[in-house]
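Below: one structure, written as structure tokens.
The values are calculated or read from the model by the stated rules, or taken from the named source; none is laboratory data. A quick note: this is a predicted structure, and the numbers were derived from the prediction, not measured. As a convention, Cβ positions derive from the backbone with ideal geometry for all residues, glycine included, and neighbour counts pool all protein chains shown. Surface accessibility is based on the protein's heavy atoms, side chains included, excluding ligands, DNA and RNA. Shrake-Rupley method; radii C 1.70, N 1.55, O 1.52, S 1.80 Å.
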Amino acid sequence: MEHKSTILIVDDEPAVLNVLESLLSSQGYNLISATTGKEALEKAEEKSPDLILLDVMMPDVNGFEVCRSLRANPIIAEIPVIILTGLGDRESKLKGIESGADDFLTKPFDRTELIARVRIITRLYRYRQLENKISRLSSVYDISSTMNSTVDIDALLEFIILQTKELINVEGASILFYDNEKEELYFPTVAVEHKGVKNCLRESRFSIYSGIAGWVAREEKSALVLDAEKDERFCKDIDKNTGFITKSVLCVPLHGENGIIGVLELVNKKNGNFTEDDQILLEAMSTNISASIEKAILHRDLQRAEALLRRHNLKMKKQDRRNYCFENIVGNSPAIIELIRNSEEVSLTDTNVLIHGETGTGKELLAQAIHNSSLRAENNFVPINCGAIPENLLESELFGHEKGAFTSATSRKIGRFEEADGGTLFLDEIGDMPLNLQVKLLRVLEEGIIRPLGSNQDVIVDVRVIAATHQDLAKLVSKKEFRHDLYYRLKVFELELPPLKDRKEDIPLLIKHFIADYNEKMGKQIIGVEDDALDALYAYDYPGNIRELRNIIESTMILCKSNMINCEILPEEIRNAGLVNSDKILIAKKTKVVPRNNEELKYIKAKARKRAEEQVERIFLAELLSETQGNISEAAREAGMNRSWLAQLVSKHQLDLSRFRENTGS
């Protein structure tokens with residue numbers, strides 16, 4: 001049976017631990033668990049697992065620190081780590097990579113993807129362990145060096161059987177691989193002097209419970225048979241099918257890292273009988289042969305995995321381009337149309353761009369859309385928030401550092417400028433950059449040169465800079481809080497992202513876009529927003545801009561139990577805005593919304609009809625209730641309507657009957 005890798009699962013949530021243990025145990029892995037960072041480090045050193053699945057948020061030490069501690073311990077530094085976290089932002093992924101993680105999965109994770117990545121990384125880890133072992137093995141014969149340098153599995157097998165055939169001087173040589181699941185042996189390659197035998201054998205499979213090779217695989221012992229015909233283990237079926245006559249057999253097991261992987265079989269020595277010396281020689285070779293085969297198989301698996309990962313990364317990159325393109329900047333207001341037109345024009349150049357906009361207006365989305373439409377799209381788009389990183393770390397983040405540049409600089413680190421070489425660096429909140437770093441940034445913009453901390457060598461970089469800010473940089477310049485020369489270097493081409501309160505005609509399109517997005521993510525089928533809820537959404541001023549609107553739609557969709565978002569599940573501040581700012585609602589309603597396709601035309605027409613019907617109903621009710629002093633029964637008789645139906649209509653429009661009674665009392 002194949003030995004399965006041991007995996008250490010580190011998570012403080014019992015539910016997550018149970019899911020992972022159930023999923024991975026079904027794949028045959030040996031499992032260890034830990035619920036704290038300290039326990040994880042202790043068990044890693046004690047058990048030496050083949051892989052660690054590490055959660056970020058834990059009660060004592062976070063996952064990033066645990067990963068750094070693992071890498072700092074020479075005993076367990078090589079153990080691969082996959083970080084599991086609910087934080088899917090780019091910054092968290094960068095932290096994971098910087099801490100030494102081998103891979104990064106965001107919760108909730110796809111089970112198939114998790115299993116595939118675990119399988120690949122444990123195999124890669126086994127490959128590294130096997131390669132270390134091979135490097136320690138002494139070369140017994142001249143062919144060992146060639147075997148160790150051959151990673152193509154087909155070429156390696158062909159080389160092994162030809163060399164052993166010539167070395168022992170036999171009529172035929174073959175390697176038979178062991179299929180653990182089917183308990184069968186099969187021939188991946190054969191070297192034999194008789195015509196027709198090779199093709200026939202390569203199509204054959206037989207049970208390990210028959211034949212001399214089957215006995216060797218089953219018992220994991222060598223067999224030296226001088227007279228095959230008289231040996232009770234000998235199976236004549238192959239000779240019958242091929243016409244080959246087997247006289248003598250020397251067969252040795254091939255032991256892999258985790259058990260038997262096959263056998264090496266020689267038949268019919270030409271110059272006499274097989275000897276014990278032949279057996280000892282073949283057994284000595286079998287260690288290197290097995291190791292070389294496993295290395296080549298793992299290399300083949302690695303190449304296949306890399307090809308799959310390349311295809312996956314290409315697919316994800318294409319998806320990113322679709323997600324971050326001008327088509328995904330939603331809106332048809334004049335300001336947005338002009339913004340997109342100007343952005344498309346500047347994307348075709350290498351000009352530096354300065355984006356102005358309040359928090360939450362989509363500055364990074366616009367910057368990445370410009371990058372993805374530029375000639376630099378194949379290279380990296382690297383964002384960094386200048387206001388989110390402490391001043392003493394920002395220089396290292398931007399320009400990198402050499403080992404020993406400062407106390408905690410234990411290794412060389414690539415800065416964001418080098419990471420973005422050939423691509424685009426997005427400097428968000430540039431107004432928060434300290435003055436001393438502004439000088440160094442100016443040099444990069446003017447000369448295309450950086451110097452990492454602790455280095456005496458300049459590094460040439462080819463980077464386009466897109467900067468963004470919510471501040472008035474001109475005012476900062478006048479206050480000497482921002483360098484004027486850097487300001488003019490950055491503002492070669494300026495773009496202004498309007499706040500959502502100034503482009504409310506885009507709210508229906510944005511709402512529709514977010515509903516479609518979260519329908520897919522949540523598996524819901526919400527079709528829109530009721531009119532009173534839409535009125536409230538129109539009236540609100542959105543200090544958090546589009547990001548706030550997106551969050552509102554997400555939270556209401558979680559609470560929504562029907563196919564329409566209603567006013568009751570909106571946040572209180574939104575509902576209050578709808579009551580207080582009725583004039584804003586009227587202004588918003590009068591704003592022209594231009595449908596872009598037939599679907600939107602039908603949607604807007606239906607909304608208009610419904611709105612008109614409700615307006616007529618409200619006017620009718622207001623007149624009727626005024627005449628009858630808010631008396632529902634009298635109003636129903638006056639209008640010739642059913643009282644309960646009229647009461648439902650009043651409730652639908654949320655009319656306060658006491659207001660009509662008060663008006664008559666004066």
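Relative to the dominant Cα principal axis of the chain, helix 598-627 is inclined by about 40°.
For the chain, what log10 I(q)/I(0) values come out of the Debye formula at q = 0.06, 0.10 1/Å, with one point per alpha carbon and no solvent? Evaluating at q = 0.06, 0.10 Å⁻¹ gives log10 I(q)/I(0) of -0.58, -1.06. For the stretch 10-89, just say rounded, prolate or oblate: build the C-alpha gyration tensor, square-root its eigenvalues into a ≥ b ≥ c, call rounded for a/c under 1.5, and beyond that prolate if a/b exceeds b/c, oblate if not. Oblate, since a/c reaches 1.5 and b/c is not below a/b. Look at the Cα gyration tensor of the stretch 520-564: its axes a ≥ b ≥ c give a/c of at least 1.5 with a/b at or below b/c, and that counts as oblate. The portion of the accessible surface of the chain made up by carbon and sulfur, rounded to a whole percent, is 48 (1.4 Å probe; DNA, RNA and ligands excluded). Answer rounded, prolate or oblate for the stretch 200-275, using the Cα gyration tensor with square roots of eigenvalues a ≥ b ≥ c: rounded when a/c is under 1.5, else prolate when a/b is larger than b/c, else oblate. It comes out oblate by the Cα gyration axes. For a label point 7 Å from the Cα of Ala77 along Cα→C-beta, name the residues of the stretch 102-116 whose backbone N is under 18 Å from it. Within reach of a label on Ala77: 102.
Quick check for me: using +1 on Lys/Arg Cβ and -1 on Asp/Glu Cβ, what's the dipole size of the chain about its Cα centre, in debye to the nearest 20?
1380 debye
Kindly provide the helix-only [θ] at 222 nm of the chain, computed as the sum of -39,500 (n - 2.57) over DSSP H runs of four or more divided by all residues, to the nearest 500 deg cm²/dmol? Calculated mean residue ellipticity at 222 nm is -16000 deg cm²/dmol. Taking all protein chains into account, the per residue accessible area for the stretch 342-480 stands at 44 Å² (1.4 Å probe). If one puts a single equal scatterer on every Cα of the stretch 55-104 and applies the Debye formula without solvent, what log₁₀ I(q)/I(0) results at q = 0.20, 0.26 Å⁻¹? Log-scaled intensity ratios, in q order: -0.60, -0.97. Mean projection of the Cα convex hull over all viewing directions, computed for the stretch 459-555: 10.2 nm². Once the chain from Asn456 to Gln471 is taken as fully extended at 0.36 nm per residue, the excess over their C-alpha distance is 1.9 nm. Angle of helix 334-347 to the longest C-alpha principal axis of the chain, folded into 0 to 90 degrees and rounded to 10: 30°.
Anything over 19 Å Cα to Cα? Flag those among Lys521/Lys610; Lys165/Lys269; Lys47/Lys295, in the order listed. Pairs exceeding the cut-off: Lys521/Lys610; Lys47/Lys295. At an R0 of 35 angstrom, the distance between the Cβ atoms of Thr112 and Arg412 translates into a FRET efficiency of 0.45. Computed over the alpha-carbon atoms, the stretch 371-480 gives an Rg to Rh ratio of 0.97, Rh here being the Kirkwood radius from the mean inverse distance. The loop-placed trypsin sites (Lys or Arg not before Pro) in the stretch 402-450, going by DSSP, that have at most 13 neighbouring Cβ atoms within 10 Å of their Cβ come out as Lys403. Packing here is the average count of other Cβ atoms within 10 Å per residue, and on that basis the peptides 496-509, 604-617, highest first, run 496-509, 604-617.
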